[in-house]
1. Going 7 Å from the Cα of A:Q232 along its beta-carbon direction, which residues of segment B:118-146 have the amide nitrogen within less than 19 Å of the resulting point?
2. Mind checking the dipole of segment A:8-49: about its Cα centre, +1 per Lys or Arg Cβ, -1 per Asp or Glu Cβ, Debye to the nearest 20?
3. Kindly put B:V165, A:V203 in sequence by how many other C-beta atoms sit within 10 Å of each C-beta, fewest to most.
4. Which ordering of A:K368, B:K166 is given by a fewest-first count of other beta-carbon atoms within 10 Å?
5. What size of dipole, in debye to the nearest 20, comes out for segment A:120-218 about its Cα centre when the only charges are +1 on Lys and Arg C-beta atoms and -1 on Asp and Glu C-beta atoms?
6. In whole Å and largest first, what semi-axes does the C-alpha gyration tensor of segment A:141-232 yield when each eigenvalue is scaled by 5 and square-rooted?
7. To the nearest whole number, what is the average tally of beta carbon atoms from other chains within 10 Å of the beta carbons of peptide A:334-342?
8. Using the number of other C-beta atoms within 10 angstrom as an exposure proxy, rank B:T207, B:T217 with the fewest first.
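What follows draws every value from the coordinates through simple rules; no lab data is involved. These figures come from a predicted structure and were not determined experimentally. Note that each Cβ is placed from the backbone with ideal geometry, even for glycine, and that neighbours are counted across all protein chains shown.
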Number of protein chains: 2
Amino acid sequence: MEALNRQGLDERKRQILRAIVDDYIETAEPVGSRNLVDRHALNLSSATVRNEMSDLESLGYLEQPHTSAGRIPSDLGYREYVDHLMRVDELTPEESAAIRDRLRDSFDEVTELLRKASGVLASQTGYTSLAVTPRVRQSHLRQLKMLMIEPGRALVVVVLAAGVVKDRLVRIPDALDADMLARISSAIEEGLSGMRLEDITLVTVATAASRARLPETLLNQVLYEAYVSIKQADNLEVYLEGQHRMLEYPEFRDVDRARTYLEAIHRDGIIAGYLSEDSCPERDEEEDEADPRFAKTVDDQGTTAGIRRRCPYMIRIGQEISLDGMRDCSFVTTTYKVGDRIVGNIGVIGPKRMEYARVVSNIQFVRKALNENLRRLMVRYGKQGTEEDGR
Amino acid sequence: MEALNRQGLDERKRQILRAIVDDYIETAEPVGSRNLVDRHALNLSSATVRNEMSDLESLGYLEQPHTSAGRIPSDLGYREYVDHLMRVDELTPEESAAIRDRLRDSFDEVTELLRKASGVLASQTGYTSLAVTPRVRQSHLRQLKMLMIEPGRALVVVVLAAGVVKDRLVRIPDALDADMLARISSAIEEGLSGMRLEDITLVTVATAASRARLPETLLNQVLYEAYVSIKQADNLEVYLEGQHRMLEYPEFRDVDRARTYLEAIHRDGIIAGYLSEDSCPERDEEEDEADPRFAKTVDDQGTTAGIRRRCPYMIRIGQEISLDGMRDCSFVTTTYKVGDRIVGNIGVIGPKRMEYARVVSNIQFVRKALNENLRRLMVRYGKQGTEEDGR
DNA sequence: CCTTAGCACTCGAGACAAATGAGTGCTAAG
DNA sequence: CTTAGCACTCATTTGTCTCGAGTGCTAAGG
C-alpha cells in the first residue's frame, strides 16, 4: 500500500480517481464514497471505494479537507488526471464551426487575430484566457522605414520576416528633413536587413547608419531611436479576456482570493514573461498540423496501454505555477506559429478544478485555426517571409 | 419641514450633512447621531442631531438601511456634498511633485502619456481609473501615407492635426507596386488634407484617389482601405487601471456585486461611449489653465453665498450613471485637450462612498499636468497643427 | 420656540448550543 | 478480496438569546 509503485495505478484506482476528479470538477464539493458509487455505475460498494480512496490518499493523489469530509484531488491527482485519465473529445461540428467563424472575420493583423482568439477561448471555456504576442527576437529584420510626421517627429516602422509589423513614434532633430530621414532609414535598413533581431546592437545600427553620410549630430539621435524601436519590437503584449468570469466559480467566492487572483493577473508583464520562458513542445507541430484532426484523444483502454503521446499543449497545475497568487489556478497553454520560428502563446487560466478536457479540446482547436489563419496570411502575402527565414 | 426649500439647507443642516457624508466615506458604516456629535465637535446634543437627521431624511438627503440603524447618504445627499459641502484641498507639494515625475518620463505618444496618467490616478486614489483616447472626429487630416510592407500588404498611416498618429495594416492588390501605392496615397492626401475627419466619406476619398490615374480595379480596394483607416482613426480606446482595487472596499465584499462591476467595466466600449457622449465643460479651460492653481476650493462660508462656480470636472453619482451594474459607483471625470478641439476623457470610478475631495484634487492636477505635457508636445513638434486647426 | 435629557422600542450582529447529516475508518462476516 | 454494519468526526444549519447601537417620542428647561 505504501509501495508507491512508480509504474502507476491499477485500473480500478484509475477509474476511481478519474471519477473523483470528474465529480469534483463538476460540483466543487469534496466527493464522498457513497455519492461516487451512485453517480458513476461502479460495480463496487462504497466501502470498497473507501478503501481505494484511502489508498489513493496515502499515494498522494487525494486530499481530505478535514476528517469526515469527502476527498478532493491533490495537485498530483490532477496531474495524473490530465496526463492519463481525462477523456478529451473533439469539438462538435457546431462548436468548431462557430470558432472558425469568429476567427475568420476580417483581419490582416496578427494582433487582431490574437485578440479574437483570446476572446473565443474565454467565451468558449468560461475561464480567463490570454494571448501573448509573438516573440520575434529570433526573427529577421526585413524593413526599417522612417516616416516624417512633422518636423521633429517621425514614425519608425519595423517590418520583420513573416510580415510582423511594429511601429513607434519618436522624436528626431528638428533640423532633419524628410529626405535626410529617408537616407538614414534606408542606410540602416540596408545594413541590418536580414539580421536577427537579437543580434542587432547599437553598434551595428550605428555602423549601418554611418553610410548615410550625414553629420553625427543629426545621426545620433535618430539611430538611437531606430535601435530602440527595433528592440521594442520584441516587447510582449498580453491580451486578457474574461477575467471576471473567474468570479463565478465557488473557489473565488472569497473576495480576498478573487482580489489576489486579479492582482496577479495584472501584475505587469509577469504572465507574459512566465509563459514565454518555457515554451513547451518544440518540434511536433508538423505532425500535429498534418493530422486531419488531433485524433489523439485518450480513450478508456488506450490509456491503460501506457502510450505516451506528446501533447501539443502544456498544463500547469497549482503549485507548478511559480507565480504569487496563482497557486489555486491552473494554466493550459499552447503555442502558435507565425512563419517558421516566430512563436507566441495562447492559453486559459482557470481554477485548478477546471474542465481540463473541454479546455484542451478548445485550445487545440483554436490553436489549429489560428495557425491556419496565420499561415494563410503568410502564404498569400508573405511568401518570401518564410523562405528568407532560414530553415 | 416638508417645505423642501429649494434654496438649500440652513447652515446647521449643511454642517451635519457634511459630517455624515464625511464619516460614512471614512467608515462605510451607517452613522448614528451619538457617534456623530462625538467625532465632530458639534455643540449639539445627539437628540438635536437626531431631529435634524430626521429632517434631512424627509428632504431626501439621507436614507436608513433599516430602523435602528444609522443614516447613510442618498444619491441626493452625495450630490449636495460634492456640489456644495466637501472641502477640496490642493495636493501637497510632495504629491504633485510625485505625479509630475511619473508623467514627465519619456513619451512621445499621446497613448503612452494617457496610460501613465491613468496609472497615476489609480495609484493615487486607490480606485479604478480610466483614460479614453481623444476623439478626433472634428480634427483635420494632415497626412495620409501608405507604406508597402510586402506585396499585397501595406501600412496606412493617418496623421491628424495636432500630431495624432494612427496606423493600420491592410491588404492591397498583389499587383500594386510601391510606386503606384505612393501615387495613390499622395493623391488621396492631396485631396483630403485639411478636411475634417467627420466630413470625409467614401466618395470624397474616391474622388481624391482618382487623380492618381490608375485603373479602377487596382484603385478601389486601396481607397476603400484608406477610407476605413481614416474612419478607424476615431475609434476610441480605453485604458483601465487598478480595477482590482475596488475589491478592497467593503461594498464589494459581495462577490456578485464585484462581478457585476467588473463585467460592466469590461463591457466592450460601453464606458468609452458613455463618457464621450456628454463631455462636460466646454469653454472654461482657458480660464482654468490660466489660473496658477485651481483655487476654487469650496470653503465653509463661500458655499453658503451660493456662488455657482463652473467646475472643470464632472461627477456622476449612482443612479445618475445610466450603465447597468454601475449603480453603486460614482464617476469623477474630466477632459484633456490635444490641440484645440481634440478632447478626451480621464476619470476615476469608485464606490459612491469614494473620497470625492481627494479624487477631485488629484484628477484636476493630473488633468493639468497632462494638458501641459500635451501642449508641450504640440508646441515643440506640432506648431502648424494648432494653427491649421481652424480657430 | 428651540434644545435636550430620558426612555421605550427596534432590529441587526454575534455567541452559543443542539440537531443534522455527509462522510470516514474499522471490524467481522461472506 | 469484498462488503455490510457501526461508531465516530466534524462542518453546517438552525434556533435562541443577548447585546448594543440607534431611533422616535415626550416632557422639561432655557
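1. B:118-120, B:133-134
2. Details: 6 positive and 7 negative charges, 32 e Å.
Computed about the Cα centre, the dipole is about 160 debye.
3. Numbers: B:V165 23, A:V203 9.
In order of increasing Cβ crowding within 10 Å: A:V203, B:V165.
4. Numbers: A:K368 21, B:K166 18.
If I rank by nearby Cβ atoms, fewest first, I get B:K166, A:K368.
5. For segment A:120-218, the charge dipole is close to 280 debye.
6. Working: eigenvalues 74, 42, 22 Å².
So the three semi-axes of segment A:141-232 are 19, 14, 10 Å.
7. Counting other chains' Cβ atoms within 10 Å and averaging over A:334-342 gives 0.
8. Going from least to most buried by this count: B:T217, B:T207.
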